[in-house]
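Since every read-out is calculated from the coordinates, none of them should be taken as a lab result. Model, not experiment: these values are computed from the prediction. Glycine gets a Cβ as well: all are built from the backbone with ideal geometry, and neighbour counts include every protein chain shown.
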């Protein structure tokens, strides 16, 4: 049978339109399933946020940083201008009880939340048992009652600052409005390879969102001592938000930003560009300490201690090696 030319023309148009529709409708699915590479995303996570921004207006996490905490009012207000303001920074504590050290020292002993019950810091600059912490949720609410440290464990070996890690247990669990940070999984190399040059989010005593870079990662600097070393960025825009580590910046956390989440790699222990203990080398020990502190102080809850939360890179990223 021979089709009428007008019918053939209509059929051709319909077929073409159907093909175009299939291509358009399939495009989002292909985009969603496209490979994701951790090094590229780690770089983009910082570079896209700092693009066009200035350290004159855009690196303070809070609009004001008080050196004395007031019981009567909450001076901690997050700055919407901060280049990292869209990230969940609630697990980064800006302040602890300064009473044992004198006026203004509460800014100098940074701790970071590992679980609802545990925080981590540096052994050479760590709050004492009995001191409180200040934690602020995304809505600028100070968590009350303020969590108090009831027990701690220091990894620091005699004669050296490393491993410069301390873990503390709190007197009550933190609310869901405070998000513990994550750590890298055991198979991180499969997805990151050699991360040299990747940008990082770090903090200082003034709660500035610093940009630094990895120089050497999980490097055995001394026998059995593995450290991460930072370097000044060569990229002009990254350098806009860079500063060297100074006195009292110790213990502030250093993060990769992966899948828009904070992934803790070390705490600052030394000056200059900065360096700190490689946490991927101590995850098992940290988990053991977290459990021991919890079981010893809460025997009625023994065996139920939370431990480190690893970023599941296998479900997010494509292997690169």
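Descriptive notes on the structure:
- Peptides 218-227, 276-285, 247-256 ranked from most to least packed give 247-256, 276-285, 218-227, packing being the mean of other C-beta atoms within 10 angstrom over each peptide's residues.
- Highest mean first, the peptides 193-203, 139-149, 38-48, 299-309 sorted by other C-beta atoms within 10 Å per residue fall in the order 193-203, 38-48, 139-149, 299-309.
- Pairwise FRET efficiency - residue 231 versus residue 142, Cβ, R0 = 30 Å, nearest 0.05: 0.25
- Ranked list, fewest to most other Cβ atoms within 10 Å of each Cβ, for 234, 166, 215: 234, 215, 166
- Largest-first principal axis extents, alpha carbons of the range 279-321, Å: 44, 20, 9
- Segment residue 177-residue 48, extension gain: residue separation times 0.36 nm, minus the distance between their alpha carbons: 43.8 nm
- FRET efficiency for the pair residue 219 and residue 295, taken as 1/(1 + (r/R0)^6) with r the Cβ-Cβ distance and R0 = 30 Å, rounds to 0.35.
- Hull shadow area, averaged, the range 212-321 [alpha-carbon convex hull, nm²]: 9.9
- Residue exposure sequence - 63, 179 - by fewest surrounding Cβ within 10 Å: 63, 179
- Counted by neighbouring Cβ atoms within 10 Å, the residues 320, 205, 214 run from fewest to most as 320, 205, 214.
- Oblate is the label for the range 113-196. Its Cα gyration tensor axes, ordered a ≥ b ≥ c, give a/c of at least 1.5 and b/c at or above a/b.
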